[in-house]
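Encoded as C-alpha cells, the structure appears first; notes follow it.
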Amino acid sequence: MEAVVNSPLLVALDLRSAEEAVRLARMLAGKVAGFKVGLGLLHGPGPGLVGALARLGPVMADAKLHDIPSQVQAAARRLGEYGARWVTAHASGGVEMLQAAAAGLAAGASGRETGVLAVTVLTSIDEAASSALFGRTPGELTARLARRAAEAGVEGVVCSPKELGVVAEVAPGLLRVTPGIRPAGAAVHDQRRTATPAEAMARGANLLVVGRPITAAPDPVAAVARLHEELGVL
C-alpha cells in the first residue's frame, strides 16, 4: 500500500519485536509517509524486517552507518536489497564514506528510488555535551556536517528541529528529516533538542520522525489523525 503523499510523518517503529512493528505498520499503511526501523530491530530481528515493512510503505533503515567506505558500501547495499528507501549514515564519516553508502544503496536497490540521509548531531546531545565532546555548538557542528553531506551528493540530512534553519542556509538542496518531535505537553524522554510538529514544519522540515507519541498511544491511528490535523494535512 502506498504512503499518503502529503503526510510528512515517518513513524519510528522502535518496538520490542518484529511482529509488533509489522502489526502497527499494517494499521498505519496508507496513512503516513513511511516507517523508520532503528538499531534495536535491525540488530534484533534483523534487516529482513525492512523487507516486510517495505511492502507497506517507504522504509528508512536508521542504521547510522559509520565505518570504512568499503564496509559502509556493503552494508548499504544489503539494506537496499531488502527494500530500504533511505539509509542513514553518520556525516562525520566523511564525504568518501557517504558516497560509498549512496553507491551501495543504489546498487542494492536495482533501479528503485533510494537516498542516503546523513546524520548530523543526535537530538540527545545538548549544548553542553556538544561543546564538551566536539568544541562546537550543535548549530556550528550541524552546519559543518551538512556542508559535507551536500558535497557528497546524498539526498538529505537528519537534524534536530533546532538546526533546520542552519541546514536550509548552508545546504538548501538537501532533504531535511527531523527527529525529536514531541506534541505540546508530551514527555521528551531521552531527547534534548525538540520541537512540536508544527514548529518543525514551520522551520523547514520535510519529514518528521515520530515514535512514542504514535506507537505508545492507545489508538495510533487516532494519534496520526491528530498530528495531521495539527499540521493541516487532510
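Using a 10 Å cut-off on Cβ atoms, rank the peptides 196-209, 147-160 from the highest mean neighbour count down.
Working: 196-209: 20.5, 147-160: 22.6.
Taking the mean over residues of other Cβ atoms within 10 Å, the ranking is 147-160, 196-209.
222 nm [θ] for the chain, helices only, -39500 (n - 2.57) per DSSP H run of 4+, per residue, to 500?
On the way: 11 runs with 103 residues, N = 234.
Mean residue ellipticity at 222 nm (helix-derived): -12500 deg cm²/dmol.
Considering the dipole of the chain built from charges on the beta carbon (Lys and Arg +1, Asp and Glu -1) around the Cα centre, which of G156, N6, G94 is farthest to its positive end?
Going by the charge dipole, the pick is N6.
With θ taken as phi - 60° and the coefficients 6.51, -1.76 and 1.60, list the Karplus ³J(HN,Hα) couplings across the stretch 38-54 in order, rounded to whole Hz; mark glycine and proline as x.
Rounded to whole hertz, the list is x, 5, x, 7, 5, 9, x, x, x, x, x, 4, 4, x, 5, 6, 5.
About the Cα centre of the chain, how large is the charge dipole given +1 on each Lys and Arg Cβ and -1 on each Asp and Glu Cβ? Please answer in debye to the nearest 20. Mind showing how you got there, number by number?
Working: 23 positive and 21 negative charges, 34 e Å.
Magnitude of the dipole: close to 160 debye.
Give, in whole angstrom and from largest to smallest, the semi-axes √(5λ) of the equivalent ellipsoid of the stretch 1-153, with λ running over the eigenvalues of the Cα gyration tensor. Mind showing how you got there, number by number?
Details: eigenvalues 140, 69, 41 Å².
Over the Cα atoms of the stretch 1-153, the ellipsoid semi-axes are 26, 19, 14 Å.
Quote the Stokes-Einstein diffusion coefficient, in whole µm² s⁻¹, for the stretch 1-74, based on the Kirkwood radius over alpha carbon pairs, a temperature of 4 °C and a viscosity of 1.567 mPa s. Mind showing how you got there, number by number?
Details: Rh = 12.6 Å.
D = 103 µm²/s.
Give me log10 I(q)/I(0) at q = 0.16, 0.17, 0.21 Å⁻¹ for the stretch 83-144, Debye formula, one equal scatterer per alpha-carbon, no solvent.
Debye output, listed in q order: -0.59, -0.63, -0.80.
May I ask for the net charge around L117, where only other residues with Cβ less than 11 Å from the Cβ of L117 are counted and Lys, Arg are +1 while Asp, Glu are -1? Spell out each step's value before the answer.
Values: positive: K36, K64, R85, R176; negative: D62, E155.
It works out to a net charge of +2.
Return the long-range amide H neighbours of A63 (sequence gap of 5 or more, or a different chain), with a cut-off of under 5 Å between placed amide H atoms.
The list, which skips near neighbours in sequence, is T88.
How about K162: which aspartates and glutamates have a C-alpha closer than 19 Å to its C-alpha, ignoring those fewer than 8 places off in the same chain?
D126, E127, E140, D190, E199
Taking the stretch 1-72, which GluC sites (Glu not before Pro) meet the DSSP loop condition and have no more than 12 other C-beta atoms within 10 Å?
Numbers: sites: E2, E19, E20; in loops: E2.
Passing sites in the stretch 1-72 are E2.
Give me, ordered by chain and number, the residues 5 or more places off L208 or on other chains with an amide H under 5 Å from its own placed amide H.
L9, L10, T178
Just so you know, all these numbers are worked out from the coordinates, no wet-lab data involved. It should be emphasised that the depicted structure is a prediction, and the values quoted were computed from it without experimental measurement. So basically every Cβ, Gly included, is an ideal-geometry build from the backbone, and we count neighbours across all protein chains shown.
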